[in-house]
Every structure is written in structure tokens, then in C-alpha cells.
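First comes the structure, then the notes that go with it.
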Amino acid sequence: MNSKNWPLFEVFIRSKNGLSHKHVGSLHAADPAMALENARDVYCRRNEGVSIWVVPSDHITASDPGDAEELYEPARDKIYRHPTFYTIPDEIGHM
Amino acid sequence: MEQADLQRLFDSKIEQEIRIEPKDWMPEAYRKTNLRQISQHAHSEVVGMLPEANWITRAPSLRRKVALLAKVQDEAGHGLYLYSAAETLGTSRDEMMDDLNSGKAKYSSIFNYPTLNWADIGAIGWLVDGAAITNQVALCRTSYGPYARAMVRICKEESFHQRQGYEIMMSMAFGTPQQKQMAQDALNRWWWPALMMFGPNDSESTHSQQSLDWKIKRVSNDDLRQEFVDKSIPQVEYLGLTLPDPDLKWNEERGHYDFGSIDWEEFYRVVSGNGPCNKERLQARNKAHNEGAWVREAAMAFAEKRQTNVA
């Protein structure tokens, strides 16, 4: 018997207009059209969404947790990128 | 990074309640324990559809029928969330299906009991889903990210399952004397198997301590079982039914109900394959899998053909 696995797709749902699509999970399907139909059945049974994206999982390039230091450390000491680094007198009010 | 550093990083994440994600380094035993637990959990969702599906065509009203259909469909979805979580640990859907269908993999023993009449559907929703929810709420804080996320989603959906079951029990318990008798009979048959769902006593549970240390399990078997008993008793009383346990009584000192000891011989007999429906469940699984094979193959062949035509 041909035991070829159906490819894996990642599913992203926009819960309502105005919000971005958010990753909700994954599923197997023979092709993108079936992935959309299955995503509707599995992830939208209770008004969870108004729009669905499906993306073949092997099309996603992910960062390596081992690279966390070089990717994210440099941001940590740049506190001058945050508004609270700058002192504004109280009488100016909200800025 | 050296092995010892990786281990230290892992331990500190567990300590600080930082979830472990698929690409993070993890000890091999942690991976295997999660894989076993998540795949067993997935198999339970899938096999769990069988006893209930038995009653879809015979539901007593349209209201009951749509609810049961929706519940069984939810269980299929829950199986899928969990298989997806298990796949992030480096196994394939096919391997897991083969392990289930060959009898190599375990699933919750509760589904090896038969559903003899409509009251059983009420008792399952109320007690079996109730016990599952007690277990699953604790697992929403499990340390492996994909498993925790699947649990959050499942818990959100599961609450209706228990409520529809209790509603069935109410209709019957407040119905004719015969209906009340059926409700009592279903409660008698499902109560002890439901308590067994939490697994062996803590003193007998071999993997428990390691799983608690790794925060895969967040609450021990006995503590979860006690919580379930305490929650269930007022619900039984409201129905005017009685539990099949002469040792059941409120313990003022502990602030919990005491209950009788579980027949572990029965538990191990069913786990090892000799329950009332073990063979039937596996047969049904294999039949569905084999008879659906041509559909899976045709869908794949069609997708490949279409892709070739486009290219």
C-alpha cells in the first residue's frame, strides 16, 4: 500500500477584521484547497474566525533557539530606544 | 553548547515556568515521555468517538442528536490537535496510527466499556468528560508548549460536553421511575471506571515523580481523583441518585470525601487488553483506516496530478 503522508500545513486565523492572522495549529491535507476546508472544520467550529491562511509547513524558515543570544541580546542594552529613557518635566504633561 | 550547559538551560526553564518549545534542546527521556503521553491522549480522543457514535442514530430527539454529533466531531478535532503536538516531537501521523491500530499504543481504558443504552451517553458526558476536564485543566500548565496550547483549546471546547451529559442525566433522573432506574444503572457502571481514569495510586505510579519534576504532570493522580470525587458528589445528590460506594463519607478533618478503594485488578485487566470492548474498538479502528485508504491515496494522487499540470 502506498503509505505516503499527506503534507503538513500551518493554519493562521484572523478572529475578526482589524486583527492580524494568528497561528492556531497545523493539519495534514493532500493540497492547499483541502487544507483550507479542513482548517475550517477543525479550527472554526465556534465562530473563531473570519479569514484563514494555510501555509505548507516546509515553506516556513524558523530561527534556531541556539542563535537566541546573537539575535536578541543586542536589543537588551539599548534602553535609549524606549520612551522612558528620556526625562520630560511634569508640567509638559503627556508626550 | 556543551551537553551540561544545555541541560542547565533546560532545567532553569522548567524551574522558571518557561515553556519548552519544539526546537529547544530537551533530554531524550523528556521527549519520549511527552511523546508517549500526548500520543496516548490523542488515541483516547479518537477511540472515544466509538462508544458515543454508537448512539447518534438512536438519539431520542433532534436536540440530543445535534449535540452528540457536535461532541463526537469535537473529539476528532481534539485528536487532531494532539497528534499535531506529538508530531513536533519527531514522529509521524502514520507511525502513530499504525501503533494505535496494531494495539501497540495504549488509549484510555474507559473506552473499552460498552454503551448499553441512552443513559450511558449522559453518564459518559457527565463523568468521563468531567474526569477528563479535571485532568486537562491541570495540563493547561504542562511544560511542553504545543501540548499546553492543545489543552487550552480542548478545555474551552470540552465544557459543553459535560453539560450536555448532565442535562441528559437530569432528564432521566427526573423522568419516569424506569428512566430514573436507567440513570442510576448507568451511574453504577461508569462511576468506578471514571475514577480509574486518573491512573494508579501515587504510591504505585512509576513515572509520576519524574513527570511532576519535569512539570509534564502538574497535579498527582490521587489529588486529581480526590478533586473529581469532591466535585461530583453534590451533582449526584442533586440528581437524587446514589453512588455505588458504601465507604463514601465526608471527612471533616481532611475537608474531603473519603471513598472506597478501586479494583485495580479490573483496571490492569482492561489496560492489558481484556476489557469488554478492547477487540471491538481495535477492529472498528482498523476497518475505518483500511477502508479509507483508497480515499487518502486518491486525494494525494489527484493533488500530485494537478501540481504537474500547473508546472
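Can you list the lysines whose alpha carbon sits under 25 Å from that of B:Lys305, skipping same-chain ones fewer than 8 residues off?
In chain and number order, the partners are A:Lys4.
Would you please classify the overall shape of segment A:46-95 from the alpha carbon gyration tensor, given that a ≥ b ≥ c denote the square roots of the eigenvalues, rounded means a/c under 1.5, and beyond that prolate means a/b larger than b/c while oblate covers the rest?
oblate
Would you kindly state how much longer the chain becomes between B:Arg8 and B:Ser261 on full extension, computed as 0.36 nm times their sequence separation minus their alpha carbon distance, in nm to one decimal?
Length gained, B:Arg8 through B:Ser261: 86.9 nm.
Compute the label zone of B:His207 within segment B:25-68: residues whose backbone N is under 19 Å from the point 7 Å along Cα-to-Cβ.
From segment B:25-68, the list is B:26-48.
Specify the inter-centroid distance of segment A:21-36 and segment B:50-100, based on alpha-carbon positions, in whole Å.
Value for the Cα centre distance between the two parts: 18 Å.
Of the options B:Phe267, B:Leu282, B:Pro246, report the single residue whose Cα projects farthest towards the positive end of the charge dipole of segment B:201-290 (beta-carbon charges: Lys, Arg +1; Asp, Glu -1).
B:Leu282
Return the single residue from A:Gly66, A:Gly25, A:Gly49 with maximal mean-square fluctuation; model: Gaussian network over chain A, springs between Cα atoms under 10 Å.
A:Gly66
Going down the list B:Lys71/B:Lys106; B:Lys180/B:Lys231; B:Lys156/B:Lys231; A:Lys16/B:Lys215; A:Lys78/B:Lys23; B:Lys180/B:Lys249, which pairs span over 25 Å between their C-alpha atoms?
Distance filter (> 25 Å) returns A:Lys16/B:Lys215; A:Lys78/B:Lys23.
Under a point-charge model restricted to the Cβ atoms of Lys and Arg (+1) and Asp and Glu (-1), what is the dipole moment magnitude of chain B relative to its Cα centre, in debye to the nearest 20? Can you show the working numbers first?
Values: 37 positive and 43 negative charges, 243 e Å.
The dipole magnitude comes to about 1160 debye.
Based on the Cα coordinates of segment A:3-92, what is the per residue volume of their convex hull in Å³?
Taking the convex hull of the Cα positions in segment A:3-92, it is 160 Å³ per residue.
For B:Asn54, enumerate residues with amide H under 5 Å from its amide H, sequence gap 5+ or separate chain, H modeled in the peptide plane.
Long-range HN contacts for B:Asn54: none found.
If amide hydrogens are placed 1.01 Å from N in the peptide plane, which non-local residues have theirs closer than 5 Å to the one on A:Ser26?
HN-HN under 5 Å from A:Ser26: A:Val11.
For B:Val66, put the label point 7 Å out on the Cα→Cβ axis and report which residues of segment B:155-180 keep their amide N under 20 Å from it.
Flagged as within label range: B:157-169, B:171.
Check B:Gly175: other-chain or 5+ apart residues with amide H under 5 Å from its amide H, H built from backbone geometry?
B:Lys180
Treating the beta-carbon of each Lys and Arg as +1 and of each Asp and Glu as -1, no other charges, what is the dipole magnitude of segment A:3-92 about its Cα centre, to the nearest 20 debye?
Numbers: 10 positive and 14 negative charges, 119 e Å.
It comes to approximately 580 debye.
What ³J(HN,Hα) values, in whole Hz, does the Karplus curve 6.51 cos²θ - 1.76 cosθ + 1.60 give for segment B:27-41 when θ = phi - 60°, with x put for Gly and Pro?
After applying 6.51 cos²θ - 1.76 cosθ + 1.60, I find x, 4, 5, 5, 4, 5, 4, 4, 4, 5, 5, 5, 5, 4, 5 Hz.
Which value in Å is the Kirkwood Rh of chain B over different Cα pairs?
21.1
Can you tell me the dipole magnitude for segment B:160-271 around its Cα centre, using point charges on the Cβ only (Lys, Arg +1; Asp, Glu -1), in Debye to the nearest 20?
480
Under the Karplus relation 6.51 cos²θ - 1.76 cosθ + 1.60, θ = phi - 60°, what is the ordered set of whole-Hz ³J(HN,Hα) values for segment B:118-134, x standing for Gly and Pro?
For segment B:118-134, the Karplus curve yields 4, 4, 5, 5, x, 5, 5, x, 5, 8, 5, 5, x, 5, 4, 5, 4 Hz.
Considering the convex hull of the alpha carbon atoms of segment B:159-311, report its projected area averaged over all viewing directions, in nm², one decimal.
15.7
With springs connecting C-alpha atoms under 10 Å apart, model chain B as a Gaussian network and identify which of B:Thr88, B:Thr33, B:Thr206 has the largest mean-square fluctuation.
Of B:Thr88, B:Thr33, B:Thr206, the Gaussian network model singles out B:Thr206 as fluctuating most.
Using the Cα centre of chain B as origin and beta-carbon charges of +1 (Lys, Arg) and -1 (Asp, Glu), tell me which of B:Ser12, B:Ala301, B:Ser143 is placed farthest towards the positive end of the dipole.
Projecting each Cα onto the dipole axis, the largest value belongs to B:Ala301.
When all alpha-carbon pairs of the protein assembly as shown are counted, what percent fall beyond 27 Å?
Numbers: 48289 of 82215 pairs.
Roughly 59 percent, rounded to a whole number.
Only the coordinates and a few stated rules stand behind these numbers; no lab work does. Fair warning: this is a prediction, and the values are worked out from it, not measured in the lab. In this analysis, Cβ positions are derived from the backbone assuming ideal geometry, glycine residues included, and neighbour counts consider all displayed protein chains.
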